[in-house]
Amino acid sequence: MPELHVNGSVRQHDAEPDTPLLWVLREQLGLTGTKYGCGIAQCGSCTVHIDGTAIRSCALPVSALQPGQKIVTIEGLSATGDHPVQKAWVEHDVPQCGYCQSGMIMAAAALLKDKPQPSDADINAAMTNICRCGTYNRVRAAIKAAAGGKRSAEAIIIHADRSAA
Amino acid sequence: MTTIGLVSRREFIASAAAGSLTVGFHIPALAQQAGTTPEINAWVVVQPDDRVIVRIARSEMGQGTLTGLAQLVAEELECDWAKVSTEYPTPAQNLARNRVWGNFSTGGSRGIRDSHDYVRKGGAAARLMLVQAAADEWKVPAAECRVDKGVITHAASGRRTSYGKVAAAAARIKPPTDIVLKDPKDWKLAGKPLARLDTVDKTTGRQIYGADLRLPGMLNAAIRACPVFGGKLKSFDAAAIAARRGVKKVVPVGDSAVAVVAETWWQAKTALDALPIDWDFGPNLRVQDADVTAMLKAGLDAEQAAVGNSNGDARAALASAARRIDAVYAYPHQNHATMEPMNATAKWTAERCEVWTPTQNGEAALAATAEAAGLKPSQCEVYKIHLGGGFGRRGAVHDWVTQAVQIARQLPGTPVKLLWSREEDMTHGRYHPVMQCRLSAGLDAQNKLTALHMRLSGQSILAGVFPQNVRDGKDPVTFQGLNAGGAEAAFGYSVTNLLIDHAMRNPHVPPGFWRGVNLNQNTIFVECFLDEVAHATKQDPLELRRSLMQGHPKNRAVLDAVAERVGWGKPAPDVGGQKVYRGLAQTHGFGSYVAACAEVSVDAAGDLRIHRIVAATDCGHAVNPQQIAAQVEGSFVYGLSAMLYGACTVKDGRIAQTNFDTYPVMRINEMPKVETIVIPSGGFWGGVGEPTIAVAAPAVLNAIFAATGLRIRELPLSRHSLKRA
């Protein structure tokens, strides 16, 4: 059986070789955090990391992956949802419907790895994901906050301590 | 998080036991399930450990209603917000309990404004019962007890307890009938910019959408409906794909579609692509976009038209006016393009049918399920799954649910998940109605507006969706934002001689409620045309509006708020060496008053940049200001995507656009800075999910005119060049 290196472990699948990586992740490995939005690499909902680079998995045949390539999905970005990008997303209450946000977060995490202090132009170039709810300004603010390590002052949001709940 | 429903939980747990198929699923913790403790009432369940489950009847699709409604319940309940979670009751439970949760419909920006009263009463009643239970136990008058964050105290005796400890006793107390709600000025949770309850799972991939659902033994279906609206399925050659790996069955769906059912969706989709299908394309095969345009154009001059608003004698006043200004505007069909394509999972037997689906109206989904299943509603159930966008597509019409049940009926006992491809979604929508409008203004010798005639010609949503609500050829929803009065969507100007009428012209493309609905095009027509009148008569666009707004103080207040914030009347600072120009718009819709001022520049090559938008909203009562800001920002993305690019055109009877490459939408690089002013004036409850969309396009179009002298009357903007000669 073909193998994939996903989120730190080796996983087997029996998908046809021309199956896009997205559908192997979702239907063979049960990793449904990565979303189907367009199937033609337009919307970015399916963004994952392959060897640290943000890739749209909906148009990438699984057979095109090399055996040693390391795939990280939203489920593997951090063990407990505490990657700086995820924390900034929560701080800014970025998601609305949330369907595009796995892809947004993966794209943002790859951007910050590449450019720890991204300019607005860097953000525009890297964050080409589509969000129909319209979270773009909070996405931008959260990326800047994650880069600077602090929350931007733009949105005042009261967070309850749910640790005991 | 929101749990999914009793039976689905059982399925989930069974599914978890089945093994690896459910990797990545979030299985609700047992303690969160309703039923471990009796409910206090329909809205509130309190667990022994003081955790509170608030039941939410409306659907969460990103607009934040889950959090807002929970805030309203918790406000009256006086519980600890940090211990609040939510769950959806199911449509069949609502039916069985005499609709105790009221209306499930989540559209028209009504989630909060139509249910604030009874959900707050639900929270207040539960508080009274919990306090009464403690008082009974202590044998003291309830009036002597105090409650704060779910802790009940009796000062005189020094006793204290918590909601969780008295919940079981409270559930047995007769519900109070005399309930006094708090004055909003005393709110502690409502009105505050609280973080959403559903954010964390959306950052980790744990949030389950309909498309993510997996049930034990489930198969996957891909569907293709006749690409031409009104066409039928003639035949298909199932044998041609029968040997493909994973393919289980090829089935007709209704009389106009065919589906392939396979082990995985990718197998189903690729097999469907290879399936030979013969269509009867029906009567619309030769219809082109120019035919639709011509049909509407004829309506501009038609004698027959339904009158939506009139006073004085607009025709006579126009005939005798010193000056007359005319313009024709056009608004195209548009697809909702939710990020998550339509999907539903159905399991059918001769006795029962269950459906799991993202829906804006669980009750309508249940009705569609029962009809397609050939069963009574009481034999069916719908489990609402979190929506990956709704925007009106998942509300009134449940065509995808009907299809899913039709497929599942052909595989009794097997759950089948139907997922539309993006292409299917783009070409089988329920489209924003297509509309043209001729506006005619009459002016006296002093350039005062004395007459206005708006002739709408185009598509009726009701005629396509709820034809029984069309009376004498009139669709009242067409006049959204143009009505003579009322709290919902009134025309915001006083014109001595006014006539607004509609010649209904319905092309074969199915219409639907599209976020913002008819307020979108109506506000463009009114606000851009008034801008035209202002420029043609050398009046300031703000002052012209104000001169017509004496009887409309709330409209004027939001308009003044944005004008003041931008410093209207003084030039905007240049950006990057480009001069910046402004445009205004205001409207009343979904019960709220909204206004916007856009700041744009257009360079010599015609490249448009939208730098900043200042927006004001008066929604009466503001339940969560930071989520209102999020809705306002999102409304600009939705409205400006439509203005910049949104057009579904007809080619050979079908929709020509098939995916985001041919139906582009706004991305982050085009997103302006948005400053949201929330000015809740109190005394009414307005919606916030939609109204701002309507002011997005006209504010920017008016700014484009200020920058270029080009008046864009036919949308989208991508059809035009802004390059100056």
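Observations on the structure shown:
- Taking the Cα atoms of region A:38-165, the ratio Rg/Rh between the radius of gyration and the Kirkwood radius comes to 0.98.
- Radius of gyration and Dmax over the Cα atoms of chain B, both given in Å: 27.3, 87
- Across chain B, Cα pairs under 8 Å and at least six residues apart give a relative contact order of 14 percent.
- Residue pairs, from the table B:LYS234/B:LYS417; B:LYS384/B:LYS417; B:LYS448/B:LYS579; A:LYS144/B:LYS579; B:LYS149/B:LYS185; B:LYS249/B:LYS269, whose Cα atoms sit over 20 Å apart: B:LYS234/B:LYS417; B:LYS448/B:LYS579; A:LYS144/B:LYS579
- Kirkwood-Stokes translational diffusion coefficient of region A:84-148, alpha-carbon pairs, 20 °C, 1.002 mPa s, µm²/s: 189 µm²/s
- Extension gain for the segment B:ASN669 to B:GLN446, taken as residue separation times 0.36 nm less the Cα-Cα distance, is 75.8 nm to one decimal.
- Listed by chain and number, the aspartates and glutamates whose C-alpha is less than 15 Å from the C-alpha of B:LYS538, apart from same-chain residues fewer than 8 away, are B:ASP444.
- B:ARG609/B:GLN410 FRET efficiency (R0 60 Å; Cβ-Cβ; nearest 0.05): 0.65
- Close amide H partners of B:HIS333, meaning residues 5 or more places away or on another chain with modelled amide H under 5 Å apart, are B:CYS648.
- Estimated FRET transfer efficiency (B:SER718, B:ALA316; beta-carbon r; R0 35 Å; 0.05): 0.30
- Extension gain for B:LEU710 to B:THR662 (0.36 nm times residue separation, less C-alpha to C-alpha distance): 14.7 nm.
- Cut-off under 5 Å, modelled amide H: who pairs with B:ARG724 long-range: B:GLY606
- In this simple spin-label approximation, B:ASP278 and A:ARG162 carry label points 7 Å from Cα along the Cα→Cβ vector, and these lie 5.6 nm apart.
- The smallest convex shape that holds all Cα atoms of the protein assembly as shown, its convex hull, gives 170 Å³ per residue.
- Computed from the C-beta positions of B:ALA82 and B:SER157 and an R0 of 30 Å, the FRET efficiency is 0.60 to the nearest 0.05.
Taken together, the values in this text are just the output of simple stated rules run on the coordinates, not laboratory data. Note that the structure is a prediction, hence the values are computed from the model and not measured. Neighbour counts are summed over all protein chains in view; Cβ atoms, including those assigned to glycine, are modelled from backbone coordinates with ideal geometry.
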